[in-house]
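Data first, discussion second: the structure below is written as structure tokens.
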Amino acid sequence: MAETDQRNVHDDLVTVELDQDVCVGVGQCELLEGGVFRLDDDEGISTVIGDGRLPRRRAEIVVEKCPSSAISICEEEQQ
């Protein structure tokens, strides 16, 4: 049971946010998660597309790899 619980912690869906004022337009996020991020060639910054949801572990990787720290995980409060 503990193994299942541990796996679920990493597989739960989270929402990512991107601060466009901080984004420097490297495009690492789009390279890693092209279904969630899109680099605007005209503006030179990324945007979140769709609902911005990813499995927690994949979201953590994108946050870690963002060179400008513009991406964060939106932690929703549990009720």
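Bear in mind these aren't lab numbers, they're just calculated from the coordinates by the rules spelled out. As the structure is a computational prediction, the values presented were derived from the model and not from experiment. Methodologically, a virtual Cβ is constructed for each residue, glycine included, from the backbone with ideal geometry; neighbour enumeration extends over all protein chains shown.
Within region 13-30, what residues put their amide N at less than 16 Å from the label point 7 Å along the Cα-to-Cβ vector of Glu43?
17-30
Just flag the trypsin sites (Lys or Arg not before Pro) in region 8-60 sitting in loop per DSSP whose Cβ has no more than 11 other Cβ atoms within 10 Å.
none
For a quick check of your reading of the filter: which GluC sites (Glu not before Pro) in region 18-72 sit in a DSSP loop and have no more than 12 other Cβ atoms within 10 Å?
Listed in order of number, the matching sites are Glu43.
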